[in-house]
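So the structure is just underneath, and the comments pick up after that.
Throughout, read-outs are computed from the coordinates displayed, never taken from laboratory work. Source: prediction; values computed, not measured. Here the Cβ is made from the backbone with ideal geometry for all residues, glycine too, and neighbour counts use every protein chain on show.
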């Protein structure tokens, strides 16, 4: 059993945008925070660099690192291939834990950690009528190979797969713990899709929320009114806190390209 008293959280660190010295500074900041573990909610690098960056983090940060992947981590690659590489990496490094593979991670005798990657599943806002086109659609090879409607269908399927993972893990976690921390990349609710202090508009919402995961979280948490769920997410680069239910709060992390930093330290 782990007995972690404080958890460090970072998101959208985009280490491919910074020098090696800046990576080292980020690692030093994490170490100085004196936490028992680090959670990263995606966008660490790109498909050809994310493994190397995770290896560097593991070598320089002497605490367990729990992480999910963000959309940028798949740039230049195929989703299944990147996930396979990351799973192999985590298997080979005792300090690295890919949350979609790790299952339920006990942090102490009352709190557990779970996570999934998350995708903008185009179910909120204007949906496939959105006028916004992301680089994801061209730089993630699974999406680039598809026509527009096929692309949105694929994104919706990816979101639904993550939601099924939530329905599988979250009830088991809540049966055994008073509180669960859920790490994901994409905000699961409209109200948590913060950008520059406001909720994103209907053209951006389809790409920056995963409604399928949000629906799954609501479904489960309404059945466990005496348990607590804390969601950590990123993707929008805009910070905000949203109380969705009395027992469900979402923290969306802010981020700036070229300035990887801790979002917060969380007392467990």
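Odds and ends about this structure:
- Restricting the stretch 1-19 to residues that are in contact with a helix residue (DSSP H, G or I) (Cβ under 9 Å, 6 or more places away or on another chain) and part of a helix (DSSP H, G or I) leaves a set whose member that is surrounded by the fewest Cβ atoms within 10 Å (Cβ to Cβ) is 16.
- Members of the stretch 238-253 that are over 13 Å from the mean Cα position of the chain (by Cα) and in a loop (DSSP other than H, G, I, E, B): 238, 239, 246, 247
- In the stretch 218-246, the residues that are touching a helix residue (DSSP H, G or I) at 6+ places or on another chain (Cβ under 6 Å) and surrounded by fewer than 24 Cβ atoms within 10 Å (Cβ to Cβ): 220, 224, 227, 229, 242, 245
- Some residue of the stretch 37-44 being buried (at least 21 other Cβ atoms within 10 Å of the Cβ), out of contact with any strand residue (DSSP E or B) (no Cβ under 9 Å at 6 or more places or on another chain) and touching a residue at least 40 places away in the same chain (Cβ under 8 Å): yes
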